[in-house]
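Values quoted throughout were computed directly from the atomic coordinates according to the rules given, and no laboratory measurement underlies them. This is a predicted model, so every value here is computed, not measured. For neighbour counting, all protein chains shown are included, and Cβ atoms are generated from backbone atoms with ideal geometry for every residue, glycine included.
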């Protein structure tokens, strides 16, 4: 359970992050590319960890591999859902009467 100090710190860090984000003024395309790159990196990392575990690397535990695989799976599913929403929005705009 988070206490009020931790919540205040979370709110402040979220505000600072949002403020920095607005200051950078990145385009939608660059944000989308960044998100896709992160999804790709998570999948690569998960596959590398799985391969290392299969090869018997003593520094990699099964739970680390499973968590990495789940993170990459969830991020991929999220990316697919975002793509589906973008395609649906595009189709709706294209079907509008002018």
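Residues 31, 92, arranged from fewest to most other Cβ atoms within 10 angstrom of their Cβ, appear as 92, 31.
The ranking of 30, 75, 40 by Cβ neighbour count inside 10 Å, starting from the fewest, reads 30, 40, 75. Using equal-weight Cα scatterers in the Debye expression, the normalised intensity of segment 27-94 in log10 at q = 0.11, 0.17 Å⁻¹ is -0.37, -0.67.
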